[in-house]
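Peer 1: The structure follows.
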Amino acid sequence: MKVFRTIDEAASEAGGAVIAVGNFDGVHEGHRVIIATAIDRARQLGSLSMIVTFDPHPRQVLGKNVAFSVLTSLEEKIHLIGRKGADALLIIPFTEAFARIEPELYVREIYVDRLGVREAVVGYSHAFGHRGHGNTDLLKTLGARYGFPVQVVPPLNIEGEIVNSSKIKAFLSEGRVCDAARLLGRRFRITGMVVPGEGRGRKLQFPTANLDFDGVPYLIPRHGVYAVEVLVDDRICAGVMNIGVRPTFGSDRLSCEVHILDFEERIYGKRMSVEFSGYIRDEKKFPTLALLQEQIGNDIVTARRMLNTRPSGN
C-alpha cells in the first residue's frame, strides 16, 4: 500500500481513485466494511482504491474535548489499513485552517479538482467541512452535481451492538476487553516505550516493564489487572498488566506496567505492544506487601489459565 502525506502527492499518483473517507480510529469491524466496499468498487471499475484519513484526529485540533482519546496511533492505523488490501492511503494533515473549509468548497477543490475522485464511500455518520456541517445527504447531492457517485455504508450490528469507536471506548472504560475485541475484530492493543520505573515490582520478585506512550492519547482501559500478550523483540509472551495508581504504595500517578511471564531480559528503551486478553480483577490497596505479593502470584496463575500457557520448563 502506497502512503501519501499530501493531497498533491496523492493526486499525481492516485488520481481517479475510488476513495473511502473517515477518521478510522481503531480500524474496527465497521471500518472494515467501508474499506472493503471501496476496494470492491475499485476492482469493478478498474480503478485504484484509496483510503482517505486525517492526522491528527479533528477533535484533537478543534479542542472541544480535552479528555479526548484514541484507539490507535497513526502508525498502528497505517499498519491496520494496509492489511485490508487497499492500493493507497492518503493522510491529510488536519489543521485549524483546513477545518474552516466550507463543505462544498472542500468537495470541489479536493475531491473533484485535485483528486478527480471516481467514486466515494463513507460511513453512515460521516461529517465533513466547516463545523462538520457536511453530512451524507449533502455529500450525495454534491457527488451528483460534480459527477461522482457516493455510497453510504449503513451501521454494522454485531450481536445486538452497533459498531463504532465510542462503543468500543465505553467497553474498554468498563474493563470489558473481550466485548471491545468483538467490535474491533481483534484484541485491543497499546504500544509504547519501555522506561525505568521505581523498581517496586523487582523488589516484590515480579519485575515489571513500564510503558510510556510518547504523547499518543490512548484510551486507557479501566484501572485493574489484565491478562495480556506482549510483543517485544519480535517475541510474543504472556503477561499480567496492572493499570492504575498503585494504592498500596500511596501513589496517585497513573502507571501502565507489565510483568512478562518467564522473561528475564532487560528491555529498557525498546518498543513494546500489549494486547488485552481478559480482565482479572480491580485494583485495590493491600494492608501489607506480603498480601500484595501473594495476590500477584494468584493473578499470574489466573493469567496463565486465561492465556492457556504454562510456566517455562513444564
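The values are calculated or read from the model by the stated rules, or taken from the named source; none is laboratory data. Small disclaimer: the values here were computed from a predicted structure and weren't measured. With ideal geometry, Cβ positions are generated from the backbone for all residues, glycine too; neighbour counts draw on all protein chains shown.
Peer 1: Which condition does Ile19 not pass, out of (1) on the phi > 0 side of the Ramachandran plot; (2) modelled with pLDDT of 95 or more, if it passes all the others?
Peer 2: Only one criterion in (1) on the phi > 0 side of the Ramachandran plot; (2) modelled with pLDDT of 95 or more is unmet by Ile19, namely (1).
Peer 1: I would also like to ask the following. Can you tell which of Glu294, Glu257 is surrounded by fewer than 18 Cβ atoms within 10 Å (Cβ to Cβ) and acidic (Asp, Glu)?
Peer 2: Glu294
Peer 1: Shifting gears a bit: Show the residue pairs meeting these rules: Cβ distance below 8 Å; 6+ apart or different chains; first residue within the range 72-84 and farther than 12 Å from Arg189 by Cα; second residue in a helix (DSSP H, G or I).
Peer 2: Final answer for the pair search is Ile81/Ile35; Lys84/Arg32; Lys84/Ile35; Lys84/Ala36; Lys84/Ile39.
Peer 1: Oh, and also: Test of understanding: among Glu109, Glu75, which residue is within 18 Å of the chain's Cα centre (by Cα) and either closer than 30 Å to Phe171 by Cα or modelled with pLDDT of 95 or more (or both)?
Peer 2: Exactly one of Glu109, Glu75 is within 18 Å of the chain's Cα centre (by Cα) and either closer than 30 Å to Phe171 by Cα or modelled with pLDDT of 95 or more (or both), namely Glu75.
Peer 1: Can you work out which of the residues in the range 260-274 that are in contact with a strand residue (DSSP E or B) (Cβ under 6 Å, 6 or more places away or on another chain) and either among the aliphatic types (A, V, I, L, M) or surrounded by fewer than 12 Cβ atoms within 10 Å (Cβ to Cβ) (or both) is farthest from Met193 (Cα to Cα)?
Peer 2: My answer is Leu261.
Peer 1: Provide a single number: the residues in the range 36-74 that are surrounded by fewer than 17 Cβ atoms within 10 Å (Cβ to Cβ) and within 20 Å of Gly16 (Cα to Cα).
Peer 2: 5
Peer 1: Would it be correct to say that Lys77 is among the charged types (D, E, K, R) and buried (at least 16 other Cβ atoms within 10 Å of the Cβ)?
Peer 2: For Lys77, the condition - among the charged types (D, E, K, R) and buried (at least 16 other Cβ atoms within 10 Å of the Cβ) - is met.
Peer 1: Now for a different question. Criterion first (polar (S, T, N, Q), under 25 Å from the mean Cα position of the chain (by Cα) and surrounded by 19 or more Cβ atoms within 10 Å (Cβ to Cβ)) does Ser277 satisfy it?
Peer 2: The answer is yes for Ser277.
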